[in-house]
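A quick write-up on the structure given underneath.
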Amino acid sequence: MLKVNSFFNTIFSRSEKKKLAEFQRTVQLINDLEPEIEKLSQDMMLKRISEIKSEISNGKKIDDYLVESFAMVREASKRTLGQRHFDVQLIGGMVLHNGGISEMKTGEGKTLVSTLAAFLNSLSGKGVHIVTVNDYLARRDAEWMGSIFNYLGLSVGCLTNDTEGREKRKEQYACDITYGTNNEFGFDYLRDNMAVSNEQLVQGELFYSVIDEVDSILVDEARTPLIISGRLEDKTNLYSISNEFVKHLQSKQLQEQKLRKIIRDELKRAK
């Protein structure tokens, strides 16, 4: 026991240990609530979710509903996927909700972890973006984790390279949860900043996002900048106009030179 305590004292600072203890207390509250949530039918859960959304829109804080929402996501996952979030996954969801990085190895269920923070923040009604590295993962996760969100009454969208047209992209962004690749989100952000009217915007308000494979997206992928340019208009006639204008300036300059020469000659004769 002393060795274990010594190990944790080494890898965790005092503030981190305090935060971890807080997370563990919250996990216990979620576990205590599980038997009560298990008794709820889907309709009862949907009714409660609607009440929570209304309360948040009237000024209540999202954090006040973390325990209840995490418990409902865990129950929805059990009913739809047959997977129950482990306690460590609940902690991972809290880390994501607080804007931190939850490091997990492949196979430890990080995709399932993202559903916790995504659902909680979607209760604001402002939409949540889940960013991943390629079209395959975006489609897979939208369909796979989408069953949890759909069970809880949320709509799920997916942005890939095949999502063409402003209206179709608007539909995806209008969903409660939108999966997509970093390039799709990035280029839409750039296009929105080049828009000349609100009707041309597709993303809407940027509120909360979960980044999958954060090291790849924010380090490896970030080395290649996203570059976008507006559509070029045919302005070849301006070159002809400019050319004639320059000729006019040149002839006027020559006229001025001739005039100065005449004045100089007249001054010489006067002398």
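Which members of the stretch 69-111 meet the condition of being closer than 19 Å to S41 by Cα, surrounded by fewer than 19 Cβ atoms within 10 Å (Cβ to Cβ) and either of a type in the set (S, T, N, Q) or in contact (Cβ under 8 Å) with a residue 24 or more places away in the chain (or both)? R79, T80, L81, Q83 - these are the residues of the stretch 69-111 that are closer than 19 Å to S41 by Cα, surrounded by fewer than 19 Cβ atoms within 10 Å (Cβ to Cβ) and either of a type in the set (S, T, N, Q) or in contact (Cβ under 8 Å) with a residue 24 or more places away in the chain (or both).
I'm told D63 meets every condition in (1) open to solvent by less than 30 Å² (accessible area, probe 1.4 Å); (2) within 21 Å of the chain's Cα centre (by Cα); (3) under 14 Å from I30 (Cα atoms) except one. Can you identify the failing condition by its number? Failed condition: (1). Taking the criterion of being of a type in the set (G, A, S) and either on the phi > 0 side of the Ramachandran plot or open to solvent by 80 Å² or more (accessible area, probe 1.4 Å) (or both), would at least one residue in the stretch 153-169 satisfy it? Yes: one or more hits.
For the structure I just gave you, tell me whether R191 is open to solvent by 30 Å² or more (accessible area, probe 1.4 Å), touching a residue at least 24 places away in the same chain (Cβ under 8 Å) and on the phi < 0 side of the Ramachandran plot. So R191 passes the test.
Conditions (1) under 20 Å from K53 (Cα atoms); (2) at pLDDT below 95; (3) aromatic (F, W, Y), marked per residue:
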| site | (1), (2), (3) |
| --- | --- |
| G92 | no, yes, no |
| G99 | no, yes, no |
| L116 | yes, no, no |
| F119 | yes, no, yes |
| S122 | yes, no, no |
| K126 | yes, yes, no |
| N134 | no, yes, no |
| S155 | yes, no, no |
| K170 | no, yes, no |
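Could you look through the stretch 174-207, keep only residues that are closer than 21 Å to L226 by Cα and aromatic (F, W, Y), and pick out the one that is modelled with the highest pLDDT? Going through the qualifying residues, I end up with Y179.
I'd like the full set of residues that are open to solvent by 20 Å² or more (accessible area, probe 1.4 Å) and of a type outside the set (A, V, I, L, M, F, W, C), limited to the stretch 174-183. Once the filter is applied, which keeps residues that are open to solvent by 20 Å² or more (accessible area, probe 1.4 Å) and of a type outside the set (A, V, I, L, M, F, W, C), the stretch 174-183 yields D176, N182, N183.
Where helices (runs of 4 or more DSSP H) fall wholly inside the stretch 38-134, the ranges with 3 or more residues that are farther than 26 Å from F185 by Cβ and either of a type in the set (A, V, I, L, M, F, W, C) or touching a Leu at 6+ places or on another chain (Cβ under 9 Å) (or both) are 42-57, 66-80, 87-97.
G186 passes every criterion in (1) out of contact with any strand residue (DSSP E or B) (no Cβ under 7 Å at 6 or more places or on another chain); (2) closer than 29 Å to S77 by Cα; (3) touching a residue at least 40 places away in the same chain (Cβ under 8 Å); (4) open to solvent by less than 20 Å² (accessible area, probe 1.4 Å) apart from (2).
The values are calculated or read from the model by the stated rules, or taken from the named source; none is laboratory data. In this text the structure is predicted, and so the values were computed from the model without any measurement. We place every Cβ from the backbone using ideal geometry, glycine too, and count neighbours over all the protein chains shown. All accessible areas refer to the heavy atoms of the entire protein, side chains included, with ligands and DNA or RNA removed. Shrake-Rupley method; radii C 1.70, N 1.55, O 1.52, S 1.80 Å.
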